[in-house]
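The block underneath contains the structure these notes are about, expressed in structure tokens.
The values are calculated or read from the model by the stated rules, or taken from the named source; none is laboratory data. These numbers were taken from a predicted model, which means no experiment stands behind them. Every residue, glycine among them, receives a Cβ derived from its backbone with ideal geometry; neighbour counts consider all protein chains shown.
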Amino acid sequence: MNDDSSIVRITGLLREEAERLRPGARLPSSRELTRRHGVSPVTVSRAIAALAAEGRVVTRPGSGAFVAALPAAGAGDAPDLSWQTVSLGDRWVDDSAVSGLLTPPPEGVIPLTGGYLNPGLRPSKALASAAARAVRRPDAWALPPLNGLAELRRWFANEVGGGVTQADVLIVSGGQSALTHAFRALAAPGEPMLVETPTYPGALSSARAAGLRTVAVPVDRDGVRPELLAEAFAVTGARVFFCQPTLHNPTGAVLSASRREQVLAIARAAGAFVIEDDYARYLTTGAVPPSLVTLDTHGTVIHINSLSKVTAPSMRVAAVIARGPAARRLRAGQVVESFFVARPLQETALEFLGSPAWRRHRVSVTAELTVRREALAAALARHLPSARVGLVPEGGLHLWVRLPGEVDETALVESAQRAGVLVSPGTIYHSAESPAPHIRVTHIAAAHVAELAEGVRRLGSALDTQLAARGR
């Protein structure tokens, strides 16, 4: 008697017996079970194996089968997934820095961090109207061109200027996606990529997820330092440099016109690409030099322009501008990884950008940026007199604040949150050791200027408490 029904029957009987016994108790021997139930040794062996697979018994060669210790009451039937740790290896993705910037603040906590407009400053009604018009367009739900709607690509090309055409433009799902596509397309896992330091944490996370080694190149008030960039290319052999020439995040620096020419010349000499993240194109309140891509005649620059910062987080529409084989590789990567950007979202962007609401929104945002930047700078001077703002930029969303040398920035960020205000620690903006304690303070996430001032007051109180504890 050795069929499947016999195995099921013996398995059930042994399961009941195991439930009556205490953990660690020994089940009857295979010989005893064979005699007792009139089945073959093979049937008994398979029944015990089934119970072992359920985790109800453990077998010890030469000793027999014993009742296993079951999870404690209330532990549920959650499976043991620890085996995945071995299978996955060290190919882990650290999203902590990015998630922290995207997580809404708890109730009663003032956000002085984040990278998007406060809900009250977003053109939500205009976007809703644009979306309603967009879905009424013919073929709104049809397959779009894989590189993006022609009209939208033409709009981005015209915005950049400098000889860029719609054929050079690829529409992708937001600036972060653009970075991921560019990093994977231009460098192989294990290769070095040069980055400004400090720099945008999302770029660092994306580069590490792509298996790249980030190499820091310092910046000053005028942007990346060309002599150190040239040295970094020579030492590392890198073929990619990621930068934010306009309103650099987090310092607010604008790369001067002369340095822009130097950066391009250095990259050309190294046979390298420059990924230009022009995230702040619509957040400027003063004049800035031309984008790097408009100065490029060798296909050196991969240019990224996004709409989400100036509109709303879910307006995940961005343009990647590239030429030559690099452009073909970027387009192929987009198709393989995500096919295309949803057509209704592209149509919505077109409707909004072509309406008077877009121009009105830009004017209002520019005015609000000026008011908030000045309010933030004044509040920092009043409530954090021992800290130093290195640069008050003409636009952007943040101020980069250097703390007194003895301050523990991690402890300050934690105590500030307990006091009811969120700020970003400077550490997450560095790919290597930070030379001094910093925090990044955002002026655009608070509901209004009064809340902004209150948030800085809470931050100043947390800093004063730490300095007092250190005997200053």
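So which residues in segment 297-319 are in contact with a strand residue (DSSP E or B) (Cβ under 8 Å, 6 or more places away or on another chain) and touching a residue at least 60 places away in the same chain (Cβ under 8 Å)? Correct list: Ile302, His303, Ile304, Asn305, Ser306, Ser308, Val317, Ala318, Ala319. Being among the acidic types (Asp, Glu) and either farther than 18 Å from Glu451 by Cβ or touching a residue at least 60 places away in the same chain (Cβ under 8 Å) (or both), is that true of even one residue in segment 136-155? Yes, segment 136-155 contains at least one residue that is among the acidic types (Asp, Glu) and either farther than 18 Å from Glu451 by Cβ or touching a residue at least 60 places away in the same chain (Cβ under 8 Å) (or both).
Restricting to segment 318-367, name every residue that is of a type in the set (Ser, Thr, Tyr) and either part of a loop (DSSP other than H, G, I, E, B) or not assigned by TED's automatic domain parsing to the domain that holds Ser306 (or both).
Within segment 318-367, Ser355, Ser364, Thr366 qualify.
The residue that is surrounded by the fewest Cβ atoms within 10 Å (Cβ to Cβ), among those in segment 10-42 that are more than 18 Å from Thr59 (Cα to Cα) and in contact (Cβ under 8 Å) with a residue 24 or more places away in the chain, is Gly38.
For residues that are part of a loop (DSSP other than H, G, I, E, B) and touching a helix residue (DSSP H, G or I) at 6+ places or on another chain (Cβ under 7 Å), scanning just segment 387-403, find the one that is surrounded by the fewest Cβ atoms within 10 Å (Cβ to Cβ).
Only one residue fits best here, namely Val392.
Remark: pairs (first residue in segment 402-423, of a type in the set (A, V, I, L, M, F, W, C); second residue modelled with pLDDT under 90 and part of a helix (DSSP H, G or I); Cβ separation under 6 Å; 6+ apart in sequence or on different chains) = Leu412/Gln466. Hey, among the residues in segment 430-442 that are more than 14 Å from Ala411 (Cα to Cα) and touching a strand residue (DSSP E or B) at 6+ places or on another chain (Cβ under 7 Å), which one's surrounded by the fewest Cβ atoms within 10 Å (Cβ to Cβ)? Here the answer is Ala432. Selection of segment 103-122 for residues being over 17 Å from Glu414 (Cβ atoms) and free of Cβ contacts under 8 Å to residues at least 24 places away in the same chain yields Pro104, Glu107, Pro119. Ile444 meets the stated requirement of being at pLDDT 90 or above, of a type in the set (Val, Ile, Thr) and in contact with a Phe, Trp or Tyr (Cβ under 9 Å, 6 or more places away or on another chain). Exactly one residue among Leu170, Leu179 is surrounded by 12 or more Cβ atoms within 10 Å (Cβ to Cβ) and not in a strand (DSSP E or B), and that residue is Leu179.
Apart from one condition, Val365 fits all of (1) of a type in the set (Val, Ile, Thr); (2) within 30 Å of Arg153 (Cβ to Cβ); (3) surrounded by fewer than 17 Cβ atoms within 10 Å (Cβ to Cβ); the exception is (3).
If I filter segment 186-209 for residues that are surrounded by fewer than 21 Cβ atoms within 10 Å (Cβ to Cβ), among the charged types (D, E, K, R), in the same structural domain as Asn249 (by TED's automatic domain parsing) and in contact (Cβ under 8 Å) with a residue 24 or more places away in the chain, do I get at least one hit? There is at least one residue in segment 186-209 that is surrounded by fewer than 21 Cβ atoms within 10 Å (Cβ to Cβ), among the charged types (D, E, K, R), in the same structural domain as Asn249 (by TED's automatic domain parsing) and in contact (Cβ under 8 Å) with a residue 24 or more places away in the chain.
Comparison of Ala131, Ala167, Ala182 shows that the only residue that is of a type outside the set (Val, Ile, Thr) and not assigned by TED's automatic domain parsing to the domain that holds Leu292 is Ala131. Under the condition of being in a strand (DSSP E or B) and among the hydroxyl-bearing types (Ser, Thr, Tyr), the residues counted in segment 404-424 number 1. Residues in segment 198-247 that are in contact with a strand residue (DSSP E or B) (Cβ under 9 Å, 6 or more places away or on another chain) and small (Gly, Ala, Ser): Ala203, Ala207, Ala210, Ala216, Gly223, Ala232, Gly237, Ala238.
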